[in-house]
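Below: one structure, written as structure tokens.
Only the coordinates and a few stated rules stand behind these numbers; no lab work does. From a predicted model like this one, the values you see are computed outputs, not experimental measurements. Every residue, glycine among them, receives a Cβ derived from its backbone with ideal geometry; neighbour counts consider all protein chains shown.
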Ligand SMILES: NC(=O)c1ccc[n+]([C@@H]2O[C@H](COP(=O)([O-])OP(=O)(O)OC[C@H]3O[C@@H](n4cnc5c(N)ncnc54)[C@H](OP(=O)(O)O)[C@@H]3O)[C@@H](O)[C@H]2O)c1
Ligand SMILES: NC(=O)c1ccc[n+]([C@@H]2O[C@H](COP(=O)([O-])OP(=O)(O)OC[C@H]3O[C@@H](n4cnc5c(N)ncnc54)[C@H](OP(=O)(O)O)[C@@H]3O)[C@@H](O)[C@H]2O)c1
């Protein structure tokens, strides 16, 4: 049984438990930003794409990697931007509100 | 930078975050069982002691390991038992209570 | 640069990134820290990318550079100009991108690792490719249904579930075969194709309003795909991010199903909302006569007199982009001394929190918005309720008629209020395709027409008074 | 057995164990699942141990066997016969064992790895040994102070903090030297000895009632030591368990300091409760005259008349093992129709949750026990309050007199109740060594004597009525 696999399992299990707790704490109010945010984070697959795009493993790998890089970048850049755009809008009641 | 150290760091960080959430959820009512329980769990250092006690690294290691095994076993066996003994006592109000 | 150093730089940068991502999600536990958290998440991403670019394996940068620039431009444009009402579509689309990226990386890895690929890496790659492609087409379908490009009504055919499930498991069997002998290239690609097909056929029979569940479920698949990539590339930040996404998607879809009191199976395989299921549906229906259709004047009269008002929001508000009109109206009423609260059902609209974002955009302070548990007892004590484009979430049938497909779904006790004003375009049924007794109750006024249009008329009249 | 297999068995068993431990702690979030969780934790431990014993490195089993048996016997005996009132001492003692175990493993590792020991392993080992020994003696000191073997009063000397801190950092410097050249055996052992010494001298100046903070802090040190062991042996379950313990100990000690509105530094270096600090202290004090000393009859009269009663519990109940008497009395009063609640301060007694365990032992249902936030407003509405061996946690000075060392610590509003009955042996001050104005207020009755004795007299009288 290879070390990497095992280690990956440890990480996966711990992160899973952790995710459960972290997400549980997110109020319904912010569920849409949550979906957008996790989306941005999942853009981390970008790092995988970078390697196959620039790894010099021949044309096919490069092209696939290239497309992957575009997709992943769209996700992560777009994701963080739109999440921020949403979160900027959430405000508590200000005294000057019943104008 | 050695792989093991890195693995360890990942695990340590994740477990730390996780611990924070798990412990936060424990009500004051159960703080004493919590202390006893973590105590039992910390008895896991037993696995370390086992290796040095039985690893055949010469007399000194064996003797130190032997003592370590005793101490750790006291902790873990005693810890789980006493935690259970405490938890057994916690009861909700029963109708037949105002007897 | 020297391998030893880069060997340290990459894992460390990934560790930092992982921590940043966790902090980013923690931030979302309150609107106060959410923005900061999101920023930290972005920084983490930057760190990870820079760390990776220092990787000695990376030789050519031009493709990477072009890709990054193109992606940033597209992504940036998409997020700056998309209207908030289109958020569900936006999310669905980006899941598609995520799935595709994962799948392509998997294929390229498989391609260049070739025959000497270790077993468990092969397994991870296979899972990654299959889930990636499935997420890709599945999300595109969801996008189409939300956009209306594809009919929102469940498309069903003979044995659809049976065949879909069979295909799904066939793919997994193939995966096993490929793992046993990685040189089976044809099989590998067959599996990928199956992923694409299953993605399409599994989503087709699901109703448009159930897309949110589908989307979050695909979100967790995408997470799993990312995690598998992590296993394949032995890249821990991918595993962590994947696990976080996976749990998030799973939890959200569970919450939704609970909020609808429906099982996962029912959502995924029940073809819920297919007209076949609900004979009572269809325009107007025989019951048309009983509707108490009201004029703008009558409605404004009730609203103006109300001391306390609860506004219930639904998908219709998003369709007609009425959030700003809603806010204007409530401000006018607040100015006249009325006390206004907003009621948002966990599954109102087409994604969790959909209505909250729209209200936030219209500048409604979030401490005036209440969840169903918080507000459901107050309807009885309230003078007037304004229902803007909500239907299923205010259907008393969920409480009263055990036969109804939405029976048991927690709904707002709108029917208990003194007076109810409902804004919708027609007396048609909502997504669930069932009649709504609320609309024919004596103390309910139906003001038909596009919500935004109607609201504007309300506002002008009230301002005139 | 064949290495490949055992290579898989061990890490897998450790992974299982880790998950079990997490589940065990999750269980403690409610009394319902706590026991099951604890059981699962124990199973996890078993799995880890069995997995380890299959390790090919392990050659001789007789020492292990003897050790396991001896340990189980001692541990079992300790946990079955120890009275609940002694729980703080018990915890302190087992921390000592834990620290010692970690330290010894570290020493033996260092011993047999010898010169070719890698740097970072050396660092981990050093930390493990230092923290292990520090925890060992520190916990023994805490035990002694709780037991009364060592005076509970803070023992102070010139520059004690300065010298302690110096020693602490000297040890860390030595650690660095040893890491730079692992062959510096003498230095290594010096560091260990320093750990032992610091453990003793750092705890001496801390007051007996502050031991809980010390204990949980040592708990987190023990956790760190375990984690370091994990780093040294490259053993992940140790790292995970260590991290969990570490956070737990840290969080608890932070909660306590907050509950006392005191800083960590004040607890650790403030020599809090040293008589020097509080001149007003000492038996009776000049104020003795004003105490409204009451007879059992008077007290029983008040209790019997009370329709609502709140019982406030403190360390004194533990000292006199009065929990069962308390329960008997309250049951007698409940039988007469009184409504009884129990108030427990987060830092009542000598460890967090101390009082809750004692009440649970006396069969008090936990839904009758209330935390300070939950109950503090009710005192004003309550007929009678019975204070059993509590002092600092009911001292109004914390609210009124900014000069007082406990000023700002949240305390029960006992003084707002219509009538207060205080059970203690004398008019002496509590741990904090400051007069308690509550005792000289007109509506306070002091019934002096051992709490249990007094309560028994109450019970007999009430039953006679
Ligand atoms: N949000 C989620 O996460 C989620 C998840 C799973 C399932 N769902 C499902 O989605 C549905 C959400 O319920 P809902 O009450 O929000 O929406 P709904 O039940 O789908 O009803 C929306 C109503 O808005 C009206 N409408 C549409 N366009 C309009 C316009 N321009 N102006 C005025 N009214 C308009 C429609 O009536 P007309 O056609 O007559 O105008 C329709 O009755 C539920 O069935 C729920 O189970 C949601
Ligand atoms: N629990 C924790 O985790 C924790 C943590 C940090 C600090 N502390 C500190 O510990 C203290 C706890 O406060 P507390 O009110 O529970 O206890 P306390 O302030 O120490 O007072 C205990 C009282 O019980 C009385 N007593 C002792 N033996 C008795 C007996 N046999 N019968 C009747 N009365 C008896 C003593 O008075 P007589 O001597 O006159 O009998 C004393 O006044 C606080 O100062 C707190 O800051 C606790």
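Within 10 Å of the Cβ of each residue in C:330-341, the mean number of Cβ atoms contributed by other protein chains is 1.
Would you work out if region D:1-158 is rounded, prolate or oblate? Take a ≥ b ≥ c from the square roots of the eigenvalues of the alpha-carbon gyration tensor; rounded if a/c is under 1.5, else prolate when a/b is larger than b/c, oblate otherwise.
Numbers: a/c = 1.98, a/b = 1.24, b/c = 1.59.
Oblate, since a/c reaches 1.5 and b/c is not below a/b.
Between the alpha-carbon centres of region A:9-39 and region D:374-429 there is a gap of 43 Å. Look at C:128, C:465 and count the other Cβ atoms within 10 Å of each Cβ; fewest to most, that gives C:465, C:128.
Rounded to the nearest 10 degrees, the angle from helix D:323-335 to the longest Cα principal axis of chain D is 40 degrees.
The other copies place their residue A:9 label points at 2.5 nm from this one, listed shortest first, where each point is 7 Å from Cα along Cα→Cβ.
Each part gets one Cα centre, and for region D:288-329 versus region B:54-82 those centres are 47 Å apart. Label point 7 Å out from residue D:443 along Cα-to-Cβ: which residues of region D:312-355 have amide N under 17 Å? Answer for this model: D:312.
Across the residues of D:224-231, average count of Cβ atoms on other protein chains within 10 Å?
Working: counts 1, 2, 7, 5, 2, 5, 8, 7.
The shielding value for this peptide is 5.
Each copy carries a label point for residue D:301 at 7 Å from Cα along the beta-carbon vector; from one copy to the others these points are 7.1 nm apart, nearest first. Once both labels are positioned 7 Å from their Cα atoms along Cα-to-Cβ, the gap between residue C:80 and residue D:181 label points is 6.2 nm. Compute the separation of the alpha-carbon centres of region D:42-64 and region D:177-223 and state it in Å as a whole number. For region D:42-64 versus region D:177-223, the Cα centre distance is 29 Å.
Count the DSSP beta bridges whose two residues both fall in the protein assembly as shown, then state the antiparallel fraction as a percent rounded to the nearest 5. In the protein assembly as shown, DSSP labels about 0 percent of beta bridges as antiparallel.
Measuring max minus min along each principal axis, the C-alpha atoms of region A:1-83 give extents of 47, 40, 11 Å (largest first). Global size of the protein assembly as shown: 33.6, 99 Å for Rg and Dmax (C-alpha atoms, Rg to one decimal, Dmax whole). Each of D:9, C:165 was scored by other Cβ atoms within 10 Å of its Cβ. Arranged with the fewest first, they read C:165, D:9. Here region D:380-465 is described by how far its Cα atoms reach on the three principal axes: 46, 28, 19 Å, from widest to narrowest. For the residues of A:55-67, the average number of beta carbons from a partner chain within 10 Å of their own beta carbon is 6.
Note the full-extension length gain between residue D:307 and residue D:463 as 0.36 nm times their separation in residues minus their Cα-Cα distance, in nm to one decimal. Before the final figure, lay out the partial values.
Working: separation 156, 0.36 × 156 = 56.16 nm, distance 1.68 nm.
Stretched fully, the residue D:307-residue D:463 segment lengthens by 54.5 nm.
Judged by the ratio a/c of the largest to the smallest principal axis of the C-alpha gyration tensor, region C:25-103 counts as oblate, that ratio being 1.5 or greater while a/b is no larger than b/c.
Taking other C-beta atoms within 10 angstrom as a stand-in for reagent exposure, B:12, C:370 fall in the order C:370, B:12, fewest first. Of all the C-alpha pairs in region D:316-430, what % are more than 24 Å from each other? Looking at region D:316-430, the distances longer than 24 Å represent 22 percent of pairs.
Taking chain C on its own, what percent of its Cα-Cα pair distances exceed 42 Å?
Within chain C, distances greater than 42 Å cover 26 percent of Cα pairs.
Highest mean packing comes first when the peptides C:87-93, A:26-32, C:173-179, D:157-163 are listed by Cβ atoms within 10 Å, giving C:87-93, A:26-32, C:173-179, D:157-163.
Rounded to the nearest 0.05, what FRET efficiency is calculated for residue D:169 and residue B:9 with R0 set to 25 Å and r the Cβ-Cβ distance? Here the calculated transfer efficiency is 0.55.
Pull up the DSSP beta bridges for chain C and report the antiparallel fraction as a percent, rounded to 5.
Details: 0 of 23 bridges.
Beta bridges within chain C, antiparallel portion: roughly 0 percent.
Of all beta-carbon atoms in chain D, the one sitting closest to the axis that brings chain D onto chain C gives D:236, 7, with the distance in whole angstrom.
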